[in-house]
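The structure appears right after this line, and notes come after that.
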Amino acid sequence: MQREDKQMDRHMPVMNGEDATKAIRENEGEGKHIPIIALTADAIAGVKEKLLEAGMDDYIVKPIDFVVLSGVLKKYLPKEKVKG
């Protein structure tokens, strides 16, 4: 079984995370929505708002707090995939 990581960097030179998110949102089909959660070390004021405005669904700041990560994932994973 091959594992595919789907990630994007907010600071990539050609297509950053905000641009990639906007492109994904423009190409989602009717009734489809791909959850996109920002994971960033940018804890500067206004970054969260910028990411959400770009179409991301949520935002997690590094270093990762696993309680926060768990709560965010529970919001977006299908209910049958969530344990506990």
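Descriptive notes on the structure:
- Residues located in the range 53-84, provided they are part of a loop (DSSP other than H, G, I, E, B), at pLDDT 90 or above and farther than 23 Å from N16 by Cβ: D65
- Across the range 30-84, the qualifying residues are those that are under 26 Å from M15 (Cβ atoms) and among the aromatic types (F, W, Y), and the one among them that is nearest to the chain's Cα centre (by Cα) is Y59.
- Boolean, A54 is in contact with a Lys or Arg (Cβ under 7 Å, 6 or more places away or on another chain) and surrounded by 15 or more Cβ atoms within 10 Å (Cβ to Cβ): yes
- Pairs, first open to solvent by less than 50 Å² (accessible area, probe 1.4 Å) in the range 18-38, second hydroxyl-bearing (S, T, Y), C-beta under 8 Å, six or more apart: I36/T21; A38/Y59
- Of all residues in the range 42-51 being in contact with a strand residue (DSSP E or B) (Cβ under 7 Å, 6 or more places away or on another chain) and open to solvent by 50 Å² or more (accessible area, probe 1.4 Å), the one that is modelled with the lowest pLDDT: A43
The values are calculated or read from the model by the stated rules, or taken from the named source; none is laboratory data. Not measured: the values here are computed from a predicted model. Counting neighbours? That spans all protein chains shown, and the Cβs are built from the backbone with ideal geometry, glycine included. Quick note on the areas: whole protein, heavy atoms, side chains included, nothing else; ligands and nucleic acids left out. Shrake-Rupley method; radii C 1.70, N 1.55, O 1.52, S 1.80 Å.
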